[in-house]
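For reference, the structure discussed in these notes is given below.
Please treat every number below as a calculation from the coordinates, not as lab data. Everything numeric in this text was worked out from a predicted model, so none of it was measured. A quick note on method: Cβ atoms are made from the backbone with ideal geometry, for glycine too, and the neighbour counts reach across all protein chains shown.
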Amino acid sequence: MELDERKITILKAIVANYLETGEPVGSRTISKYSDLNLSSATIRNEMADLEEMGYIVQPHTSAGRIPTDAGYRFYVDRLMEEKEEVEVTNGALLERVDRMEVLLKQVARVLASNTNYATMVTAPNYAKTVKFIQLSLVDSANLLAVIVVDGNIIKNQMIHLNVLLDNEDVLKFNILLNTFLQGASLEDINLEMIQEMKKQSGEYADILDHIFTGITDAIHEAQEVDIYTSGATNILKYPELGDIEKTTGLLEAFEDKEELSHMLEGTDDSENDSGIQIFIGEETPVQNMKDCSLVTATYQMPEGAKGKIGIIGPKRMDYKKVVSTLKNLTIELDDIFKKSREVTSDE
C-alpha cells in the first residue's frame, strides 16, 4: 500500500493534533483540517489504511487514532527535511559566565524552562593522553608506578616484582615508558606498540602488563564525563507518563548520571549536518525511557572537544520547538566559546 499525498496530509494532521491536545484524533477533527476537502467517510477509510500500514493506532474501541512510533518517525523526518519550518532566532538565551560548569548548568536550566521537558548537558570531552610516567622502587619486592594524564589525574599502581630490579633498571624502564607513551591516548596504545615495548624490555616484559593496567585505569578515570541535569519533575506533567511504574523508572533513569552520560556520548551525529538527532520510543537507548522521545544536539569547543545536549519528553513532544531551541542554543554556545577564546588570546 502506498503512502500517497492524501495519506501523508492526514497523517501529519493526526500527529499535529495529537501533539497539541494529547487526545485521540477522530475523522471529524481531520475533516475540518484546512487543506482537506474530504468527507468523514473518506477520511475514515484513509485512517484505516494508515492503521494497517502501522502509522497510527486506535487506543480503544470508538476512540480516535494516535500516532505509533512509526507515525512520529515519519512526521519528524519530514520536519527535519523541511528546514524552512524550523525558525532560528538571534535572541540571547544565556547569560555570560566565566566558569564552564556554571554555563552548562545554566544551559540545562534554560532548556528545561523553555521546553517544559527534562534536560541534560555533558561537559566537553577532551581526548585524554598520558603526560608522564614515573616508576620508583618501594622495596626489593614492589615497584610504584605513578601515571599522570591530562586534567592532572594521577593514578598510583603498586606492582609486585617477581624479579629484582636496581635503580639503573628502573631508570631505563622510565625512559622506555615515556619515550613510547608520553602524549599517547588510549587509542594510540595498540598491540604493535606493546609488543615493541616488551621486546625492548627483555626479561622484564611481564612488568609492563601491570603498568598498562594502571595506565588504562587512569585514562578511563580522566575520561569520565560530567553531566548536568534539570527539569526531571517536568516529566510528571504529561498524563501518558503518569503511571507510577513508568514515572518511577523514568526518574530512576534520570538520576543515573553515568547511564545518562553513556547514552548521550553514544549517540552518533556523523550523518547529520545539524548535529541534531531524534530518538522515538523504542529507538531511545535507555530501557526505562522507551515511552519517551530523546532529542540530542552536539556543541563543539574551538579546540575540537565536543559535548552533548539532550532533551527527554513524551513522544508527543513539540519537536519543532525543541529542534529550534536546540539550534539557537548551540549557535549561542559557539559564539560564547569563540569570544572567550578571543579574549584569552588577547591576554
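Here is how the numbers come out for the structure above:
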read-out	value
Dipole magnitude of segment 94-184 about its Cα centre (Cβ charges: Lys, Arg +1; Asp, Glu -1), debye to nearest 20	520
VAL57 long-range amide H proximity, modeled H, under 5 Å	ILE66, THR68
Karplus 3J(HN,Hα) series, Hz, for segment 21-32 with 6.51 cos²θ - 1.76 cosθ + 1.60 (x for Gly, Pro)	10, x, 10, x, 9, x, 5, 5, 4, 5, 5, 8
For LYS131, residues with placed amide H under 5 Å, excluding near neighbours	VAL148, VAL149, ASP150, GLY183
Dipole in debye (nearest 20) - segment 130-222, about Cα centre, beta carbon charges: Lys, Arg +1; Asp, Glu -1	140
Relative contact order computed over segment 103-179 (Cα-Cα under 8 Å; 6+ residues apart), in percent	22
Amide H partners (placed H, <5 Å) of TYR33, local residues excluded	none
Relative contact order (%) - criterion: Cα under 8 Å, at least six apart; region: segment 5-67	39
Ranked VAL121, VAL286, VAL170, criterion: other C-beta atoms within 10 Å, fewest first	VAL170, VAL286, VAL121
Taking HIS60, HIS210 and counting other C-beta atoms within 10 Å, the order from fewest to most	HIS60, HIS210
Packing-based order for 139-149, 68-78, 9-19, using average beta carbon neighbours within 10 Å, highest first	9-19, 68-78, 139-149
Most positive-pole-ward Cα, ASN125, GLY183, TYR319, against dipole of the chain from beta carbon charges	TYR319
